Amino acid sequence: MEMGEVIRTYRKKKGLTQEEMAGRLGVTAPAVNKWEKGSSMPDILLLAPIARLLGITVDELLSFREDLTPEEINGFIYDVDKRLREEPFEKVFEYAGKYLEQYPGCGMLLWQTATLLYARLLISEVGDSEAYEDRIREWYDRVLKEGDEGCRLRAADSLFGFWMRKEEYEKAEAYLAYISDQNPEKRRKQALIYSKTGRITEAYRAYEELLFSAYGELSMVFHGIYRLAMEKGDRQRAHMIVEKWSQTARVFDMGRFNEISVELDLAAAEKDVESTLRLMEEMTASMEDLCSYASSPLYEHMTFKEPREEFLDDMKKTFKASLQDEEMFGFLKEEERQDKIFVAPLT
């Protein structure tokens with residue numbers, strides 16, 4: 001898009017006539033008309049006032065072409081990568097820098113180019129490499145300030161890695177603020193910072209928290225796949241998922257109750273009397289094992305709240321009530337072992 005088109009497009013978005021725009025800039029309406037037709041250009045001193053009036057940056061005003069499409073970006077990155085294998089780094093860097101000047105607002109182009117050049121710089125013998133590093137860091141900083149949310153997150157991640165390689169851990173840690181607290185990658189990076197700065201207990205705790213939350217995530221995924229397999233009548237897959245799910249509970253030290261509880265629904269669905277009763281009995285006997293993960297060496301640096309007695313009692317009552325679900329366990333009506341499970345106290 002040429003400058004005249006940019007001016008006309010944003011003037012109309014602002015709801016301004018050529019006369020109104022001219023009046024605010026202290027020029028004539030014919031002058032604005034000539035800008036938009038491309039028959040003349042604004043004076044350089046008017047560029048900033050025009051950009052402010054239109055609500056855009058000077059870079060956007062001067063950008064003669066629109067942002068690149070993903071295909072165009074990929075094409076340029078491929079071109080730069082090919083040149084890096086055939087030409088001196090310095091020459092390719094200069095070529096890429098000039099190209100980037102044409103698209104000052106394209107965060108993805110800037111980030112991908114910076115990342116490719118930095119990766120090559122790290123494995124190449126280049127004179128005055130620090131000057132190139134500084135330029136690349138400036139590009140990342142630009143993306144961090146001006147790019148969209150996705151580009152900013154990528155730039156923050158790149159800058160984290162940049163400073164980690166230089167062992168500037170305090171600077172690296174500052175970029176964690178750009179990552180959501182809900183993103184596990186933030187906690188992993190924080191744990192790495194802790195380990196590099198001598199905060200060993202904090203590092204262990206952060207890694208252990210990641211392990212603990214990972215089991216919760218995996219458990220939900222297993223449950224989703226299991227339900228899907230059951231709905232589609234794929235019992236072979238359901239058995240495989242239950243087996244892997246149980247093994248995962250064991251690997252993550254979730255206790256015997258959690259290891260076997262995932263098997264009960266499948267055994268009941270198949271009306272497998274022997275397996276269902278065995279699981280009921282074993283789960284009843286292992287109710288006290290519910291929170292055994294709290295004493296696992298896997299999580300020794302974490303602090304778990306001691307569950308209140310009332311909470312455990314409610315859990316036991318809820319569990320025992322679930323074993324009397326008529327729809328799920330009605331096929332056990334005539335089984336004496338089931339009656340013993342129902343009347344047995346949950347210690």
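The values are calculated or read from the model by the stated rules, or taken from the named source; none is laboratory data. Remember, it's a predicted structure, so these values are computed and weren't measured experimentally. Cβ atoms come from the backbone with ideal geometry, glycine included; neighbour counts cover every protein chain shown. Please note that ligands, DNA and RNA were not included when accessible areas were found on the heavy atoms of the full protein model with its side chains. Shrake-Rupley method; radii C 1.70, N 1.55, O 1.52, S 1.80 Å.
General remarks:
- Condition met for residue 284 (under 30 Å from residue 193 (Cβ atoms) and either touching a Leu at 6+ places or on another chain (Cβ under 6 Å) or of a type outside the set (A, V, I, L, M, F, W, C) (or both)): no
- Checking residue 9 against (1) modelled with pLDDT of 90 or more; (2) assigned to a helix (DSSP H, G or I), the condition it does not meet: (1)
- Candidate set from the stretch 2-19 (those that are of a type outside the set (D, E, K, R) and closer than 15 Å to residue 47 by Cβ); member that is most open to solvent (accessible area, probe 1.4 Å): 10
- Candidates in the stretch 20-53 are the residues that are acidic (Asp, Glu) and surrounded by 13 or more Cβ atoms within 10 Å (Cβ to Cβ); of these, the one that is farthest from residue 102 (Cα to Cα) is 20.
- Set 336, 306, 281: member being at pLDDT below 85, farther than 30 Å from residue 203 by Cβ and not hydroxyl-bearing (Ser, Thr, Tyr): 336
- The selection criterion, being within 31 Å of the chain's Cα centre (by Cα), surrounded by 16 or more Cβ atoms within 10 Å (Cβ to Cβ) and at pLDDT 95 or above, does not hold for residue 294.
- The stretch 313-333, residues that are among the basic types (Lys, Arg) and open to solvent by less than 80 Å² (accessible area, probe 1.4 Å): 316, 320
- Note on the stretch 246-261: residues that are crowded, with 19+ Cβ neighbours inside 10 Å, over 11 Å from residue 215 (Cα atoms) and either modelled with pLDDT of 95 or more or within 29 Å of the chain's Cα centre (by Cα) (or both) amount to 1.
- Qualifying residue in the stretch 93-100 (condition: at pLDDT 90 or above, out of contact with any helix residue (DSSP H, G or I) (no Cβ under 9 Å at 6 or more places or on another chain) and either on the phi > 0 side of the Ramachandran plot or open to solvent by less than 80 Å² (accessible area, probe 1.4 Å) (or both)): no
- Contact map, the stretch 130-150: first residue closer than 17 Å to residue 161 by Cβ, second residue among the hydroxyl-bearing types (Ser, Thr, Tyr), Cβ cut-off under 6 Å, separation 6 or more or different chains; pairs are 136/118; 140/158.
- Unique match (being within 27 Å of residue 282 (Cα to Cα) and either touching a residue at least 24 places away in the same chain (Cβ under 8 Å) or among the acidic types (Asp, Glu) (or both)) among 169, 215: 215
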